[in-house]
Amino acid sequence: MDSVAVPPQFAQRTVRGTARCEGIGVHTGRWVSMTIRAGRPDTGIQFVRSDLPPGLGIIPARIELLAGVDRRLVLANVHGHTVQSVEHLLAALVACGVDNATVELDGPEVPTLDGSAREFVQMILRAGRAHQRRVRRFVVIERMIAVRRGDRRAALLPSDVPRATLSIEYAERGIDFQCISTALDEETLQRDIGDARCFGFLDEAGELRERGLALGASLLNTVVLDEGRAANPEGLRSPDELIRHKVLDCVGGLALAGAPIIGHVAAHKPGHALMTDLVKALQTHPAAWSFVRAGAAPLGGRNRLRPPG
Ligand SMILES: [Zn+2]
């Protein structure tokens, strides 16, 4: 059934041409070239390390391969080879509705560019998108799934459309409570979320560098916060840039589910650990969601299929 004509609104998508960029990895400080190419149907997003021998550097963007959540997402394959800082690129691919793609890198980290997903979105849209002869599938949340880590909490709730409601506060650093509730459709992600840059606190920079992190961070790719204010000469892109970036990170983390999630993600003090806990909780709560083909209603699990991969 899947291989006959698929109505375009229900079809999986990949990139039509190739998209290329190069830049510094924000944590390794290494210069990396990246090329996004078309991926085969039903294969999802796969990273390929071109600096490693053929076959050893294939790293699918799947929760099973999660190897680190400290300041960025790290994935590792069975050979122990890693790719890190994948979250903003994964969010850009979600924002462009790309289901399948191969992301070639000649180093261990996705280039950070300006610290947001804006340039990734632009390069994917420039490369164009192509429909494939397979039906898209979604993870449809049917019952609440909740996780917590200390005072950080997150939940996935049923919703007809993808949404996020997030709140943050860094009272000890002069950042007051901030809250956002937004749709996560492609247009909103591209227009309102994609340009929000990652941020860090000036008083943490030394400790991060001692741990071998943030070696490529600068005012060119990070909003640096000093006593609640952006130290960057241009300031913030908008008053809510910090929490909009949290939405971006959240979308990138949830992308490790391997299929778009139809549900409402709600979180207080979200971070990479909390979001990937939610994705892991999908696996331990199989009765809380269905795997549904585009164009089919969930109907109480009648369309339940095998999870992707
Ligand atoms: Zn981020």
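The values are calculated or read from the model by the stated rules, or taken from the named source; none is laboratory data. Please read these numbers as outputs of a predicted model, since none were measured by experiment. Virtual Cβ from ideal backbone geometry, glycine too; neighbours counted across all protein chains shown. Heads up: the accessible areas ignore ligands, DNA and RNA and are worked out on the full protein's heavy atoms, side chains in. Shrake-Rupley method; radii C 1.70, N 1.55, O 1.52, S 1.80 Å.
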Inset, instruction - Please calculate the 1.4 Å probe accessible area of HIS88, with all protein chains present, and give it to the nearest 10 Å². - result: 20
Legend entry - Estimated [θ] at 222 nm from DSSP helical runs (n ≥ 4, -39500 (n - 2.57)) normalised by residues in the chain, nearest 500: -5000 deg cm²/dmol
Inset, instruction - Using the charge dipole of the chain (Lys, Arg: +1 at Cβ; Asp, Glu: -1 at Cβ; taken about the Cα centre), state which of CYS96, GLN84, TRP289 has its Cα farthest towards the positive end. - result: TRP289
Inset, instruction - Tell me the label-point distance for the pair GLN9, LEU215, using the 7 Å Cα-to-Cβ offset, in nm and rounded to one decimal. - result: 5.0
Inset, instruction - Would you mind finding the longest exposed-site-free stretch of the chain, with exposed GluC sites (Glu not before Pro) meaning DSSP loop and at most 13 other Cβ atoms within 10 Å? - result: 1-226
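Between ALA130 and ASP70, what is the FRET efficiency for a Förster distance of 35 Å, r being their Cβ-Cβ separation, to the nearest 0.05? Please list the in-between numbers first.
Numbers: r = 36 Å, r/R0 = 1.03.
That gives a FRET efficiency of 0.45.
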Legend entry - Nearest-10 value in Å² for the accessible area of LEU220, using the 1.4 Å probe: 150
Legend entry - CYS21 - accessible surface, heavy atoms, 1.4 Å probe, Å² rounded to 10: 20
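Within the accessible area of region 144-223, what % is carbon and sulfur when the probe is 1.4 Å and the other protein chains stay in place?
Numbers: 2260 of 4310 Å².
With neighbouring chains kept in place, the figure for region 144-223 is 52 percent.
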Legend entry - Per residue value of the accessible surface for region 10-135 (all protein chains in place, 1.4 Å probe), Å²: 39
Legend entry - Cα-Cα P(r), the chain, percent of pairs per 10 Å interval: 6, 28, 37, 23, 6, 1
